[in-house]
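Visitor: Okay, handing you the structure first.
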């Protein structure tokens, strides 16, 4: 019984983590799709990702 609970908790953690990653990547993709049709440099993409990470980190 105890092992089943641990397995369920691990699976739940993995599913929630993957869902959060999917949501964050979806927001970033939507932001780029709604842009003014210019390609971003690697530095701009890195800055966007760092901003998203900081927002997420502050919510914890």
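Visitor: Give me the angle, in degrees from 0 to 90, between the Cα long axis of helix 2-33 and the longest principal axis of the Cα atoms of the chain, rounded to the nearest 10.
Guide: 10 degrees
Visitor: Which of these, 40, 49, 25, has the largest mean-square fluctuation under a Gaussian network model of the chain (Cα springs below 10 Å)?
Guide: In this elastic network of the chain, the residue with the biggest mean-square fluctuation among 40, 49, 25 is 40.
Visitor: To continue, here is another question. Could you tell me how many degrees, from 0 to 90 and to the nearest 10, lie between the Cα long axis of helix 42-59 and the main elongation axis, the longest principal axis, of the Cα atoms of the chain?
Guide: The answer is roughly 40 degrees.
Visitor: Rounded to the nearest 500 deg cm²/dmol, what is the calculated helix-only ellipticity per residue at 222 nm for the chain, with -39500 (n - 2.57) per DSSP H run of length n ≥ 4?
Guide: Computed ellipticity for the chain at 222 nm equals -29500 deg cm²/dmol.
Visitor: Then there is this: What is the spread of the Cα atoms of the chain along each of their three principal axes, largest first, in whole Å?
Guide: 55, 21, 17
Quick note: the coordinates plus some simple rules give every number you see, no bench work behind them. Just so you know, these numbers come straight off a predicted model, no measurement behind them.
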